[in-house]
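The values are calculated or read from the model by the stated rules, or taken from the named source; none is laboratory data. Worth saying up front: this structure is predicted, and the values here are computed from it rather than measured. Glycine also receives a Cβ, built like all others from the backbone with ideal geometry; neighbour counts cover every protein chain displayed. Areas reflect the complete protein model, heavy atoms only, side chains present, ligands, DNA and RNA absent. Shrake-Rupley method; radii C 1.70, N 1.55, O 1.52, S 1.80 Å.
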Amino acid sequence: MSTLDVEDFIQQNRALADQVETHRGYWESEKHWQARREFILRNINDFQSEQLDPLLSLSMVWANNVFLGCRYSTELLEKVKEMAEGIVVEDAPVFKTRDEIMKKQQGR
């Protein structure tokens, strides 16, 4: 689902889109929320409406990895990256591990 498809989906499913909006965290910037909302809307049909907690949790894992650099198990990251396929986050931060920084400093 492209960004235009997401907007079309929102227009056609206003009640569901309004429900999704209630899950925005007060700490989420507009950019962060738009990406996480797209993740949720792209995958919402794979979850039962009364059991959205797993989807919301996966959306947070994905957003935390993309925007904050949080690391999770390989299996979990593969799952959320597959679920997020096609979502474009412009100017996403690039994170380096402590080991990468130390290796670069030792090479000087």
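Okay, here's what the table says:
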{"quantity": "Neighbour-limited loop hits for chymotrypsin sites (Phe, Trp or Tyr not before Pro), segment 30-91 (at most 16 other Cβ within 10 Å; DSSP other than H, G, I, E, B)", "calculated": "F47, Y72"}
{"quantity": "Contour minus Cα-Cα distance for D91 and R71 (0.36 nm per residue)", "calculated": "5.3 nm"}
{"quantity": "FRET efficiency, 1/(1 + (r/R0)^6) with R0 30 Å, evaluated for D5 and W27 via beta carbons", "calculated": "0.65"}
{"quantity": "Accessible area per residue in Å² at 1.4 Å probe, computed on the chain", "calculated": "70"}
{"quantity": "Loop-resident sites, segment 11-72, for GluC sites (Glu not before Pro), counting at most 14 other Cβ within 10 Å (DSSP)", "calculated": "E50"}
{"quantity": "For segment 54-87 versus segment 1-51, the gap between their alpha-carbon centres in whole angstrom", "calculated": "15"}
{"quantity": "Length released on extending from K79 to D18, taking residue separation times 0.36 nm less the Cα-Cα span", "calculated": "19.3 nm"}
{"quantity": "Mean shadow area of the chain over all directions, Cα convex hull, nm²", "calculated": "8.1"}
{"quantity": "Helix 53-63 vs. the chain, principal-axis angle (Cα, 0 to 90°, nearest 10)", "calculated": "40"}
{"quantity": "Percent accessible area from carbon and sulfur atoms, segment 1-51, protein chains only, probe 1.4 Å", "calculated": "48"}
